[in-house]
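Data block below; observations after.
The values are calculated or read from the model by the stated rules, or taken from the named source; none is laboratory data. All values derive from a computational prediction rather than experimental measurement. Note that each Cβ is placed from the backbone with ideal geometry, even for glycine, and that neighbours are counted across all protein chains shown.
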Amino acid sequence: MKTKYTLLAIAISLALASSTTLLNYFHVVDISESVLVIFRYLFIAAMVLFAYQRKSLTVWILISMIIGAEIGHDFPEFAVNLKVVSKIFIKLIKAIIGPLLFATLVAGIAGHSDLKQVGRMGWKSLLYFEVVTTLALFIGLFFANWIKPGAGIKQMPGVAEELPHVDPQTWQDVLLHVFPENIAKSVAEGQTLQIVIFSVLFGIGLAMLEKKKREKMVGGIELLSEVMFKFTSIVMYFAPFAVGSAIAVTVGHMGFEVLKNLALLLMTLYLALIAFVLLVLVPVMLIIKVPVIKFVKNISEPLSIAFATTSSESALPKAMEQMERFGVPRHIVSFVMPTGYSFNLDGSTLYLSLAAIFVTQAAGIDFPVEQQIVMLLTLMLTSKGVAGVPRATLVILLGTLASFGLPEWPVLLIIGIDELMDMARTTVNVFGNCLATTVVARWEGELDDEKMHAEPILD
């Protein structure tokens, strides 16, 4: 009941704030600035009360954007000094990169890639994953270069001295830079690709051990992975402060113009994801003779869970259950689905390519196609293995930018709408992994067409 009254207060205060602002803007009625400020702060107070009642991090992050924008607009000189708050958050996120990548990749490879047990499913799944995620990367790259959502953003104050100087590199230098010479050095310098190479080789070596020895190590590494996910969850509680500060700094520096770029970025991502589903996933369903409408109905519940929680893993149990009901054998679902959560994050990989190019556009950096392709190849590896927590792709994005000597400050802008983007990309992640189980089952000749064409059963 309290929430209903709060929502009513939000609606009334929003109507008052927006209507008075519009009337004043178009000179219909001359309203003093102090009255406009009072109405805006009444709206913010109602939103804060709503967030307190809901006790949701998602709500707090979205409301912190409104508060940050208001602070940036009303107190621009104070707002630009809040940059340190966002910097603290970025540092904490970067501290997660090394151990999280290592734990998730090694556990994924050593725990799921025993080819003696999985046989043909192993290479078939990985081949399909790589083809589909590569297409997702290129679609993200295309839309980023076509719509250019980051063009025209001004550099945030006090950042110029922080940008690293990057010397031109030959292809030999680039190739050598991929391989680690000291894993501790790679972690300390944030060399994401080197960490991935080390983790992959370590995972393969671990998979070659005897089962008894391997299980002990895999258990410990899976525990490390769970700890790092909890670590990330703790850090995310600081996100509302970082988001509010980032928006305040941005609005204080250049006004509300930047919000147009963020809305354009959000629209670009949704368009790119829709294009990916229509141009890649739907044709795949048609090729393997899967009824599109029934498939979507069957997975509607796990998709809604993924959309609401912005975590692919939260939808995993229900997704596995629904795919069994759809006619995919349990042994295929239990192998392909968890493996896909490490290697088949279609929505996240598309987002990463789009966000990375957004950063170069926002920073005004000339990033030729050749370098974009190299970055895509990097993202093909670095995007593998992080599906356990909401907004975990932020970790991968920052690591990739650091590897290419690109500035981090445009990421602070993305954080503000990352929740809205995460809803869409997580939903596509789950959609893609559910389809992957069907593809492998059809490829293996084990898809139950009778179950598939039956009416979907939803709890």
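The table that follows gives values for the structure above.
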| quantity | calculated |
| --- | --- |
| Any helices (runs of 4 or more DSSP H) falling wholly within the range 221-300 and containing at least 2 residues that are at pLDDT 90 or above | 257-276, 282-287, 292-298 |
| Selection status of residue 251, in contact (Cβ under 8 Å) with a residue 40 or more places away in the chain and touching a His at 6+ places or on another chain (Cβ under 8 Å) | yes |
| Long-range neighbours under 7 Å by Cβ, at least six apart or interchain, first residue surrounded by 24 or more Cβ atoms within 10 Å (Cβ to Cβ) within the range 86-101, second of a type in the set (Gly, Ala, Ser) | 86/242; 86/245; 86/246; 101/199; 101/385 |
| Cross-chain or 6+ apart pairs with Cβ under 7 Å, the range 23-36 first and in contact (Cβ under 8 Å) with a residue 12 or more places away in the chain and under 17 Å from residue 74 (Cβ atoms), then of a type in the set (S, T, N, Q) and surrounded by 10 or more Cβ atoms within 10 Å (Cβ to Cβ) | 35/20; 36/20; 36/21; 36/24 |
| Failed item, numbered, when residue 155 is tested on (1) within 17 Å of residue 362 (Cβ to Cβ); (2) polar (S, T, N, Q); (3) modelled with pLDDT of 80 or more | (3) |
| Complete set of residues in the range 351-383 that are among the acidic types (Asp, Glu) and either touching a residue at least 40 places away in the same chain (Cβ under 8 Å) or not assigned by TED's automatic domain parsing to the domain that holds residue 408 (or both) | none |
| Residue match in the range 325-345 (condition: farther than 27 Å from residue 454 by Cα, of a type in the set (A, V, I, L, M, F, W, C) and in the same structural domain as residue 121 (by TED's automatic domain parsing)) | yes |
| Failed item in (1) more than 30 Å from residue 374 (Cβ to Cβ); (2) touching a residue at least 24 places away in the same chain (Cβ under 8 Å), with residue 427 passing the rest | (1) |
| Qualifying positions in the range 127-136 - exposed (fewer than 15 other Cβ atoms within 10 Å of the Cβ) and either among the hydrophobic types (A, V, I, L, M, F, W, C) or free of Cβ contacts under 8 Å to residues at least 40 places away in the same chain (or both) | 127, 131 |
| Residues satisfying the stated conditions in the range 323-377, i.e. among the polar types (S, T, N, Q) and farther than 30 Å from residue 410 by Cβ | 334, 339 |
| Odd one out for residue 18, checked against (1) surrounded by 15 or more Cβ atoms within 10 Å (Cβ to Cβ); (2) farther than 26 Å from residue 234 by Cα | (1) |
| Filter pass, residue 364 being at pLDDT below 75, farther than 17 Å from residue 272 by Cβ and part of a loop (DSSP other than H, G, I, E, B) | no |
